[in-house]
Amino acid sequence: KASSIILTPHPGEMARLTGVSITSIQKDRITSARDLAQKFDIHVVLKGEKTVIAHPNGNIYINNTGNPGMASGGMGDVLTGIIGSFVTQGYTPEAATHMGVYIHGAAADTLAQEYGPVGFLASDIIDALPVEIGKLIS
């Protein structure tokens, strides 16, 4: 049976999970995410600049949306909620992580264009989600 466990650590959480320093994780984010995904047969979303999505089969995806304005409290909770919503709609963990990470970052990119690169909140991302999802399905 394919794994349905999804972890969404930031580098500090990843360091605690793996016992590896944040510096080492940041030096090779791809290997860090892939190793954890394969070792425990899980899906890993290593948050940060160019979020890395690693699947237990070894496949890696790098997200191209998002910006530094996302470095505020609650952003990871919003991301996890988006991914979880896709899973409960019947999407595979692979699809749910890809769509969730992309849409989360795209909403932040829209906010950054409208208001500047910093100063928005996790709740601002939530408010922007319908517009971002609408762009993808129209």
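Observations
- Label point at residue 50 placed 7 Å out along Cα→Cβ; residues across region 95-120 whose backbone nitrogen lies under 19 Å: 98, 101-103, 105-106, 109
- Placing 124, 77 in order of accessible area, with the largest value first and a 1.4 Å probe, yields 77, 124.
- Each 10 Å bin from 0 upward holds the following percent of the Cα-Cα pairs of region 65-122: 26, 48, 22, 3.
- Karplus-derived 3J(HN,Hα) values for region 113-127, using 6.51 cos²θ - 1.76 cosθ + 1.60 with θ = phi - 60°, are 5, 7, 10, x, x, 9, x, 9, 10, 4, 5, 5, 4, 4, 5 Hz; glycine and proline are entered as x.
- Gaussian network model of the chain, Cα within-10 Å springs - most flexible of 125, 22, 83: 22
- Charged neighbours of residue 25, selected by a Cβ distance under 15 Å, balance to +3 (K, R count +1; D, E count -1).
- With contacts taken as Cα pairs under 8 Å at a separation of at least 6 residues, region 1-77 carries a relative contact order of 27 percent.
- Column: log10 I(q)/I(0), Debye, Cα scatterers of region 1-72, q = 0.11, 0.13, 0.16, 0.26 Å⁻¹: -0.24, -0.33, -0.50, -1.21
- Fraction of accessible area attributable to carbon and sulfur, the chain (%, probe 1.4 Å): 57 percent
- Computed [θ] at 222 nm, helices only, for the chain once each DSSP H run of length n ≥ 4 contributes -39500 (n - 2.57): -18000 deg cm²/dmol
- Cβ-placed point charges (K, R +1; D, E -1), dipole of region 1-91 about Cα centre in debye, nearest 20: 120 debye
- Comparing 102, 115, 61 in a Gaussian network model of the chain, where Cα atoms under 10 Å apart are tied by springs, the biggest mean-square fluctuation is seen for 115.
- Surface exposure of region 1-127, expressed per residue as accessible area with a 1.4 Å probe, stands at 53 Å².
- Per-q log10 I(q)/I(0), the chain, q = 0.09, 0.15, 0.19 Å⁻¹ (Debye; single scatterer per alpha-carbon; no solvent): -0.25, -0.70, -1.08
The values are calculated or read from the model by the stated rules, or taken from the named source; none is laboratory data. On a predicted model such as this, the values are computed, not experimentally measured, just so you know. Reconstructed Cβ throughout: ideal geometry from the backbone, glycine too, with neighbour counts over all protein chains shown. Areas reflect the complete protein model, heavy atoms only, side chains present, ligands, DNA and RNA absent. Shrake-Rupley method; radii C 1.70, N 1.55, O 1.52, S 1.80 Å.
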